[in-house]
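Read through the structure below, which is laid out as C-alpha cells, and then see the notes.
The values are calculated or read from the model by the stated rules, or taken from the named source; none is laboratory data. No experiment lies behind these values; they were computed from the predicted model shown. So basically every Cβ, Gly included, is an ideal-geometry build from the backbone, and we count neighbours across all protein chains shown.
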Amino acid sequence: MKHLIDPMDLSKVEIDEILALAQDIIGNREKYQDVMAHKKLATLFYEPSTRTRLSFTSAMMELGGNVLGFADARSSSVSKGETVQDTVRVVGCFADVIAMRHHIEGAQLYASEVSKVPIINAGDGSHSHPTQTLTDLLTITRELGHIDGITIGFCGDLKFGRTVHSLIKALSRYKDVKVVLIAPDELKLPDYIKQDVCDRLGISYKEVKTMEEVMPELDVLYMTRVQQERFLDMDEFDRVKDSFVLDSKKMSLAKDKMAVLHPLPRVNEILTEVDADPRAAYFRQVENGKFVRMALIYKLLEWKDKAGGTASQCIEAASEPSLSGLRCTNPKCICNNENAPARFVRTSGGTLRCYYCDSKIK
Ligand code: NCD
C-alpha cells in the first residue's frame, strides 16, 4: 500500500501525476464532484492546525466524500493513553484514508506500519510536511510555469520549519535547482538536510546573512514563520523572532516575476503592504493546497494496491550486534514516546540516522 509519509515516498513520475491531476481538477471541477462518493477521510490532528485540516476537509467534500476525525487529541482516546498504532488500527475500520498531524516526529511512519488504509502525513513535529510540499510545487508551477532551473531562497526558521525540509527534499527530484538559505545562526538548516539531501543528491546551496544581497537572483522567495512552539528557550525565541521581515522596499530589489510563497500562518515576517504586490502568491498557494490534496486523495486510493513502502531502507538495531544498545536521542521522536523499536538508516556517506526522525545516532 502507498502512504505519503515523506516527500521522497513519491517518485518524480508520481509527483508529476499528482500535479497534472490537480491542474485538471482546477479546470474541470464538475468532473470530480462525485468521484469520492461513499468514501471517507479521517483527519486525526494531534497538533493545532487551521489551513491543513480544513484544506483536507474541503478537498474531500469537493470530491463528494465524507470526513470524520478529531481536531484536538484531548477529545479522543489518546487522552486515555492509546498509542498511534492502535488508533490507526481502529480508525482504519471507519475510513478509507487517514490524514494525520502529530507533534511527535516519526509518529505517522510508525502508525503506517500497521495501517490497513493509506496514511498521509499532515506534519510531524519539525520533521516533514509532504502535502505542503505538493502545494508548494503546484504553486511554483502555476506561478512560474516550471520548477527545473529555479533559484529559490528559503528565509526565516530553517531549523524547525518542516515545510522547508520537505520542499528541499522534493526539489532534489528537479533539474538545476539552486537553493539560497537565509537564516540567523540559531535557525540554520539542519545538517542532515545539507549533507544527506543537498550534498548527496546534488542540490547546490549557499548560506547568506541578508535578504537584500540575494533578492535580485531569486525566482521564488519562500518565507517562514519562526516556530515559537518548538523552542525550549524563550529568550532565544525573543532574540530571533524578528530576524527577517519582507517589506515593499525589499520587494523592489526582486525580479518582476519572482513569486513569494509562505506556508502560513504568518506572524510579522511579511508586512501586509506586500499583499497587494502581484508577486505575493501566498493566498493563491492556500487554494492550490486544496486542489493538490484532492488530487492526492484520489491518487492514493487509485494506488492502494500498488507496492508502497517508505523511502528509506531500515536496519533493525536488534539484528546487528554492533548496533545493540544504540537508540535515538531525540526526545521528540516516536522511539522515545511510544514503544517504537530502535531502527536506523545508514546514509551513503556512512552516517547512522534514526529511521523515524532522521536524527543522527551518536
Ligand atoms: C505550516 C506547518 O504547520 O508546518 N503551516 C501549514 O501547514 N500551512 C507552517 C507553520 O506552521 O509555520
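Points worth noting:
- Selection within the stretch 198-236 - among the basic types (Lys, Arg) and either in contact with a strand residue (DSSP E or B) (Cβ under 7 Å, 6 or more places away or on another chain) or within 16 Å of the ligand (Cβ to nearest atom) (or both): Lys206, Arg225, Arg230
- Taking the stretch 183-291 as the region of interest, the strands (runs of 3 or more DSSP E) fully inside it that hold 2 or more residues being surrounded by fewer than 14 Cβ atoms within 10 Å (Cβ to Cβ) are 204-208.
- Residue list for the stretch 121-136, restricted to those being touching a His at 6+ places or on another chain (Cβ under 7 Å) and part of a strand (DSSP E or B): Gly123, Asp124, Ser128
- Count of the stretch 45-67 residues, restricted to those that are farther than 15 Å from Thr131 by Cα and either at pLDDT below 95 or buried (at least 21 other Cβ atoms within 10 Å of the Cβ) (or both), is 5.
- None of Asp16, Asp24, Asp9 is of a type in the set (D, E, K, R) and within 28 Å of Ala71 (Cα to Cα) except Asp9.
- The residues in the stretch 137-164 that are assigned to a helix (DSSP H, G or I) and either basic (Lys, Arg) or more than 10 Å from the ligand (Cβ to nearest atom) (or both) can be counted, and the count is 9.
- Residue within the stretch 82-98 that is touching a Gly at 6+ places or on another chain (Cβ under 9 Å), more than 16 Å from the ligand (Cβ to nearest atom) and not hydrophobic (A, V, I, L, M, F, W, C) present: yes
- A single member of Glu62, Glu82 is of a type outside the set (Lys, Arg), touching a residue at least 24 places away in the same chain (Cβ under 8 Å) and not assigned by TED's automatic domain parsing to the domain that holds Pro263, and it is Glu62.
- Residue in the stretch 65-72 that is among the hydrophobic types (A, V, I, L, M, F, W, C), within 16 Å of the ligand (Cβ to nearest atom), free of Cβ contacts under 8 Å to residues at least 40 places away in the same chain and under 15 Å from His102 (Cα atoms) present: yes
- Some residue of the stretch 44-54 being away from the ligand (no atom under 16 Å from the Cβ) and either more than 20 Å from Asn337 (Cβ to Cβ) or among the acidic types (Asp, Glu) (or both): no
- Test for Val78: is it modelled with pLDDT of 95 or more and either under 22 Å from the mean Cα position of the chain (by Cα) or more than 16 Å from the ligand (Cβ to nearest atom) (or both): no
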